[in-house]
Structure formats: structure tokens, C-alpha cells
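Written out below as C-alpha cells is the structure these notes cover.
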Amino acid sequence: MKSTGNTILITGGGSGIGEALAHRLHDLGNTVIIAGRRLDVLQQAAAGRANIVPVQFDADNADAIDAFARQVVADHPALNVLINNAGIMRFEDASKRRDLADAEATITTNLLGPIRLINALTDHLRQQADAAIINTTSGLAFVPLLATPTYNATKAALHSYTVALREILKDSVEVIELAPPAVQTDLTPGQATREGYLPLADYIDEVITLLTASPTPAEVLVQRVLFLRNAEKEDRYAQTLAALNSH
């Protein structure tokens, strides 16, 4: 991935990993469009940065995603990088019958949202120089947290989709996976200060080093996530599953 001179769209760009990525990529000399549900939060994230553009976006509405994509391309025809980062994480008790509203919302936001936005922008991106798609998955795509079964499943599915898409678009668009470990953000209540989670600034420092490497790795994996990513390959899957869920 080219590190500077891009026009980058980041969904979920108003907070957490999305906001931190937006700031660091902006610092490298890129124009960054940050998209999310709450315009006030996006405006706060863009404050004082002339080339960060906040745009309201509903990741759950198929028609709205198509309209959003058309408008973004019209307003920013140089758009050449899409970072699918918007996501939600809901705790669920799958041991008994339950209301599936959280599960269905998680699938819509975390899986259908990126697929729909990629679909809406692929034709445009294929025509751009140095085009890239970056999908944010999770270490939990590889070893599940039992309290968040649907979240894990959406990230595992997005991992598989990303692998396929990389091969499909290999001659026109670079496809990269960003798989974070547990990072101190507001993804779940109390997570921003949770002991043992990787501080956000440290995570972004390592991510930017990997993203700006030449060549950029197909999977951007910080050291902390390798415990999960390599569990099966290193023949310690059962132990890793038990350790992850022991807390």
C-alpha cells in the first residue's frame, strides 16, 4: 500500500481504532474521509485537520450504502483506499434460547456492511492507481471468545471473504486484512481502560509500521495478536481457547 498521497475512506472513523488510524494516515500526507453514524463525533475527530472530511454513514442500510458510495465518489473522485473498520461487539448467552436482535445487528454491521460497501465501490477502485481495500477483522476470527459468538463468527467470515477477494482482485486492487488483538477502545463497556488490553497508541504505532512496509503484508498482525492467529498452526488451539476464555 502506498503510504502517502492517497484519498482514504475509513468507516467507523470517529473513535477508537478508526479515529487513530485516520489521524496517523492524515499525518503521513493522505486525505482521509471518516464515516460513521454520529456526525458530531466525526466532526470532533476531524477538528483542526483540514484534510480529514467527516461524512455521516449508516452501515446497516443497503440503499443508504449505495447512495453514500455514489456521493463519496462524486465528491472525492481520487478515492483509492477503502478501510472497512465500522463494527459492533455484543455479549450474548448462547447457552439458551434468546432474543437474536444483537446477533442479527452484529451480522448486519460487521459482515453485510463491509460486503455492501465493497460491492458499491469495487468498480471505482479498480480504475484507480494504487488502490487498496483494508478489512478490519479480529484475533477472535481465529480463536473465539465464548461470550461473543456472533461477533467472532462475523470476523471469521470477513477473514474468509478477504482471502477470496484478495485473489479475485489481485491484478487491480491490493486487499489487506487488519486483525487487532484486544485493544483499549470503547468497543465494549470498560474496554478503554481494561488491564491487559493493548493501549491504542501502541497498537496504532505497530500497525502504521506494518502498513508502510514495502511490500505491505497481506495480513497486518501486531505481535500481541499472534497468540490467537497462530494457535492452530502451532498446534496449541485447545490450550489457547481455554486460556482466552478462562477470564
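Read-outs throughout are calculated quantities, based only on the coordinates presented, and are distinct from any laboratory measurement. Just so you know, these numbers come straight off a predicted model, no measurement behind them. Heads up, the Cβs are rebuilt from the backbone with ideal geometry, glycines too, and the neighbour counts pull from every protein chain shown.
A few notes on this one:
- Solution diffusion estimate, µm²/s, Stokes-Einstein, the stretch 83-152, Kirkwood Rh from C-alpha pairs, 4 °C, viscosity 1.567 mPa s: 95
- All Cα pairs of the stretch 44-118, percent lying beyond 22 Å: 38
- Computed log₁₀ I(q)/I(0) - Debye formula, equal Cα scatterers, no solvent, the stretch 120-217, q 0.16, 0.24 Å⁻¹: -0.81, -1.26
- Alpha carbon centroid spacing (whole Å) that separates the stretch 1-59 from the stretch 180-206: 19
- Annotation note: trypsin sites (Lys or Arg not before Pro) in the stretch 143-247 located in DSSP loop regions with a Cβ neighbour count of at most 16 within 10 Å are Lys170, Arg194, Lys233, Arg236.
- Its alpha carbons give the chain an Rg and a Dmax of 17.4, 51 Å.
- Largest GNM mean-square fluctuation among Gly14, Gly113, Gly29, using the chain with Cα springs under 10 Å: Gly29.
- A simple rule links phi to the HN-Hα coupling: the Karplus curve 6.51 cos²θ - 1.76 cosθ + 1.60 with θ = phi - 60°, which for the stretch 52-68 gives 10, 10, x, 9, 6, 7, 10, 5, 9, 10, 4, 5, 5, 5, 4, 5, 4 Hz, with x for Gly and Pro.
- Whether the stretch 25-152 is rounded, prolate or oblate, judged on the alpha carbon gyration tensor where a/c under 1.5 counts as rounded: prolate
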